[in-house]
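The values are calculated or read from the model by the stated rules, or taken from the named source; none is laboratory data. Just so it is clear, the model here is predicted, and its values are computed rather than measured. As a convention, Cβ positions derive from the backbone with ideal geometry for all residues, glycine included, and neighbour counts pool all protein chains shown. Heads up: the accessible areas ignore ligands, DNA and RNA and are worked out on the full protein's heavy atoms, side chains in. Shrake-Rupley method; radii C 1.70, N 1.55, O 1.52, S 1.80 Å.
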Amino acid sequence: MEKVEILMATYNGENYLSEQIESIIKQSYRNWALIIHDDGSSDSTLEIVSSFSKRDDRITVISDGEVFRSASKNFEHLAKLSSAKYVCFSDQDDVWREDHVLNLVEEIESQDIDGRPRLVFSDCTVVDKELNEMYASLVKFRRTKPRLSRSLKMMSVRNCVTGCAMILNRAAIEVSIPFHSSANMHDHWISLCVLKNGGDVTFLDKITVNYRQHTGNVIGADGPGVYRKLVSKGEMKKSIRRTWSAYEQAKEIGAVRNYVQFLVLKMLAKMSY
């Protein structure tokens, strides 16, 4: 079995962190290493991860003094430190199902025969903070179309990949780092880099993660009604900034030439939901 490095970016995650690390320890796929880098937590996160590292020698906490105040930059830092053939990314607040890593490894190994960048992602069940099911399928809740993940242009305007549910090979890491300053989140940036460099982004139609929603999520499971919610909460400015940032990322990766083309592609992607 190939060793899989699991990269976990933490920040003030004391409420749910232990459950996620326990779910990693319980994985049926045993040949893994969990590498954790904290982003300047002020709660008991460091004490929790240090305790786990003493309990299981497959768990390493990187203490290098680097503080990014950004989940994406923290994941980029971890990706640069990685060396394994296969890499998974872990949020600090989800719960992985027992065969999460096994299912992803089996799928990517079946494809990884030509040295091209490869990324495989699975589906998730959306749960509340107590792990009660909210939506059986994140893909269906968001009304995303995993087939769009085969198109660089469509992926540039509608991310189908959930970072906590993906695995990638070494070639995918190498074409993705360093992240460009326009990169929104690690999963979207890496997916676009894989496609740009002739690789494949593949959907595994299995539920492998309980994707927890709570008030502290950096990126949550926004559904199709998110725009109405943003207006009602007076957060339209944030939405506009995110859209412009996504355009800058799409332009940098070579998926679009201008903002008008970006908006047209967004409309076409939405029509395909």
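Assorted remarks:
- The reciprocal of the average 1/r between distinct C-alpha atoms defines the Kirkwood hydrodynamic radius, which for the range 17-170 equals 17.0 Å.
- Ranked by how many other beta carbons lie within 10 Å on average, peptides 1-10, 50-59 from highest: 1-10, 50-59
- Think of each Lys and Arg Cβ as +1 and each Asp and Glu Cβ as -1; about the Cα centre, that makes the dipole of the range 1-129 roughly 320 debye.
- Applying 0.36 nm per residue to the separation of Lys238 and Ile177 and subtracting their alpha-carbon distance, the gain on full extension is 19.3 nm.
- Accessible area expressed per residue, the chain, with surrounding protein chains retained (probe 1.4 Å, Å²): 47
- Nearby lysines by direct alpha-carbon distance to Lys54 (threshold 21 angstrom, same-chain neighbours under 8 apart not counted): Lys3, Lys26
- Signed unit charges on C-beta, dipole axis of the chain, positive-most listed residue Asn258, Leu131, Ile177: Asn258
- Here the accessible area of the chain is 49 percent carbon and sulfur, with a 1.4 angstrom probe and all protein chains present.
- Sequence-ordered 3J(HN,Hα) estimates for the range 145-162 from the Karplus curve with 6.51, -1.76 and 1.60 and θ = phi - 60° stand at 10, x, 5, 5, 5, 8, 10, 4, 5, 5, 5, 5, 10, 8, 5, 9, 9, 9 Hz, glycine and proline given as x.
- P(r) histogram, all alpha-carbon pairs of the range 34-112 included - 10 Å bins from 0, percent: 15, 44, 33, 8, 0
- Label-to-label distance, nm, for residues given as Thr60 and Glu106 (7 Å Cα→Cβ offset): 2.9
- For the chain, the ratio of Cα radius of gyration to the globular rule of thumb 2.2 N^0.38 Å stands at 0.96.
- Among Ser83, Gly13, Gly40 the positive-end extreme of the charge dipole of the range 3-136 (Cβ point charges): Ser83
- A simple charge model with +1 on the Cβ of Lys and Arg, -1 on the Cβ of Asp and Glu and nothing else charged puts the dipole of the chain at about 1620 debye relative to its Cα centre.
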